[in-house]
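Note sheet for the following structure.
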Amino acid sequence: MLNQQVFEQQYETDWQQLESALNKLETKRIWHKATSDNSDLPKLYAALCQQHALALSRGYSHALTNRLHDLIVRAHHQLYKHRAHVLDKMMRFFGGGFAAGLREQHKLLTVASLLFFVPTIICGVLAAYSVDFADLFMGSRQRFALEQMYDPANGSIRPEGLESQTNLYMFGFYIANNIGIDFRVFASGIMYCVGSVFFLVFNGIHIGAAAGHLTAVGFHETFWGFVAGHSAPELIALCISGTAGLMLGMALIKPGRQTRRLALMRAAKKSVPIIIGAGLMTLFAAFIEAYWSANNRPFEIKIIVGVVMWILIIAYLALSGRRLKHRG
Amino acid sequence: MDKAVDTLHTVETPEGALLQIAVAGPVVRGMAWLVDGTIRTVILIILGTVVGSSTGGADDGVAFIGIFMIAQFLLNWFYSTTFEAMTGTTPGKKAFGLWVVHDNATPITLSGALVRNFLRVVDSLPFFYMVGLICMMFDNRFRRLGDLAAGTLVIYRDKAAPPSTFVHDVGTPPPEWLSRDQRQSIVDFAERCSNLSADRQSELASVLSHLIEDNQDPVHTLKSWAQWILRGQSDAQSTSI
């Protein structure tokens, strides 16, 4: 058996070589392109693992084994670092990865859509039928505020003369509020779906009641003209966020032949591109809502734009990425 | 090995190396969170003062609130996510030597960072991270819901200890019946001596005084044993014990 000093002398140059390679890798800025000049690292690392095991089994001093352990941790960290090409990933995501991942969850997407649109329609019809129902669903104060906003007699939806500033303000508000709602719908799904279901139904009731009531009181041109443009990306994104949330919850409710923790981890991993896609769709919706929806174009054009949006988005989600290889 | 109650966990890598990782508990993580929260607040205050004073006019005020809301949204949802995905830690965590890794000790990915930080919404319910705290108390690795879903751990990353400078002028063979662990302890003692006062050294060495002949100084004897264990009787070339 070698004594420790001889052992150290034998491998010292290897360790120093590894250490300087690690120092270089660790100080490299993240936005620099990954270089492949450290091809020795895997070899040195594998040898180091063996040397560390030897040092442990021979009972060498802790000063040495700790030093080797520290080197192993650092090398392990560098070797298993995720080096993805961001652009490549984004191309795959928009080129169909998002839609393909979503279609894999078509059952949950159906459930989430029903959870949102059924209350929307029911409450819309009821609120249109009677103002009492509208008050029940959103309260008379909010009903009054909505009437003020969409009353054609009040002119433009945005205050006169302040359009560009107000547009930016509204853009910020829609981003913070609507994307925030998406993320909450997603995250709260981990409570055995309860949170996602609640948010979907709650938003459905609210939106349905507003739409039904405003149509019934004759503000349909201002209301539908305003919401038509951004309705498709915003409402579909809400349902998609709900889908991502239900994925988390269902992993806990019905984990299948794996532990709940493992099922949750796998579901969470799959849900990430879906919730990112939903967030981006809502960002798109916020842009339309801030810079298009409030303009004074003819009602018919706004409705046509809205319908075209629905068709385009549904077609994108249904058709893109069909040729992507199924990833196991 | 007996199963001690410990925050040290061993992770076996594909190469067969055993990594020891020390998971961080709720208190230090809470403090890191406070630091991050302070940083975020300061950023918002600075943004508020700079942009607010440079625009000034009442008309621009509305637009400014829009920018402010976007900044707040980004800091709220993407501050930790971005830092963790790019550097493996946040400024607050770094201040306490904390690091986020996956539970196989590999660096955290963007997807992992996103899950663990988005689920903060649930962990922070109903107030002061109660859900997360309760979850951490029932988990032997202090994982909150976000960590469980993302498969991540918050760990301490120790600074590398300085290499040992222990050298002793003489080496004498220790008793042959000493076990491997006992020999290792003697070496550890010798290597730690540079950080210990002379009194403390002799206090520790006296624990083993029954092994040492009466007329010998225990500290001196243990050091010469350590020298012999590390380097053999002559200083370099001996290849066998």
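The values are calculated or read from the model by the stated rules, or taken from the named source; none is laboratory data. Since the structure is predicted, the reported quantities are computational estimates derived from the model, not experimental observations. Positions of Cβ are generated from backbone atoms using ideal geometry, with glycine treated the same way; all protein chains shown enter the neighbour counts.
Taking A:Leu146 as the residue in question, decide whether it is surrounded by 15 or more Cβ atoms within 10 Å (Cβ to Cβ), in a helix (DSSP H, G or I) and out of contact with any Phe, Trp or Tyr (no Cβ under 9 Å at 6 or more places or on another chain). For A:Leu146, the condition - surrounded by 15 or more Cβ atoms within 10 Å (Cβ to Cβ), in a helix (DSSP H, G or I) and out of contact with any Phe, Trp or Tyr (no Cβ under 9 Å at 6 or more places or on another chain) - is not met.
Quick one: is A:Ile236 β-branched (Val, Ile, Thr) and within 13 Å of chain B (Cβ to nearest Cβ)?
Working: β-branched (Val, Ile, Thr): yes; within 13 Å of chain B (Cβ to nearest Cβ): no.
Criteria not met by A:Ile236.
Restricting the search to helices (runs of 4 or more DSSP H) fully inside segment B:52-154 and requiring at least 2 residues that are within 11 Å of another protein chain (Cβ to nearest Cβ) and not charged (D, E, K, R) gives B:58-87, B:110-118, B:120-123, B:130-137, B:145-150. When we screen B:Ser209, B:Ser224 for residues that are more than 33 Å from the chain's Cα centre (by Cα), outside any loop (DSSP other than H, G, I, E, B) and modelled with pLDDT under 80, the only hit is B:Ser209. What pairs come out if I take residues in segment A:173-198 that are at the interface with chain B (Cβ under 10 Å from one of its Cβ atoms) and touching a residue at least 40 places away in the same chain (Cβ under 8 Å) and pair them with residues that are outside any helix (DSSP H, G or I) and among the aliphatic types (A, V, I, L, M) whose C-beta lies under 8 Å away, six or more apart or interchain? Going by the 8 Å Cβ cut-off, the qualifying pairs are A:Ala187/B:Leu119; A:Ile190/B:Leu119.
Has segment B:171-180 got any residue that is under 23 Å from A:Leu64 (Cα atoms), within 14 Å of chain A (Cβ to nearest Cβ) and part of a helix (DSSP H, G or I)? Yes: one or more hits.
Does A:Gly101 meet the test of being farther than 24 Å from A:Tyr316 by Cα and in contact with a helix residue (DSSP H, G or I) (Cβ under 8 Å, 6 or more places away or on another chain)? So A:Gly101 does not fit the description; no.
Of the listed requirements (1) modelled with pLDDT under 95; (2) within 12 Å of B:Val154 (Cα to Cα), B:Ala32 misses just one: (1).
A single member of A:Tyr80, A:Tyr150 is aromatic (Phe, Trp, Tyr), modelled with pLDDT under 90, over 27 Å from B:Thr165 (Cβ atoms) and under 31 Å from the mean Cα position of the chain (by Cα), and it is A:Tyr80. In this structure, A:Ala251 does not qualify as free of Cβ contacts under 8 Å to residues at least 40 places away in the same chain and surrounded by fewer than 24 Cβ atoms within 10 Å (Cβ to Cβ).
Could you please let me know if A:Ala263 is free of Cβ contacts under 8 Å to residues at least 24 places away in the same chain, within 14 Å of chain B (Cβ to nearest Cβ) and not aromatic (Phe, Trp, Tyr)? It would help to see each step written out before you state the result.
Values: free of Cβ contacts under 8 Å to residues at least 24 places away in the same chain: yes; within 14 Å of chain B (Cβ to nearest Cβ): yes; not aromatic (Phe, Trp, Tyr): yes.
So A:Ala263 fits the description; yes.
Which of the residues that make up segment A:188-222 are among the β-branched types (Val, Ile, Thr) and in a helix (DSSP H, G or I)? The answer is A:Ile190, A:Val194, A:Val197, A:Val201, A:Ile205, A:Ile207, A:Thr215, A:Thr222.
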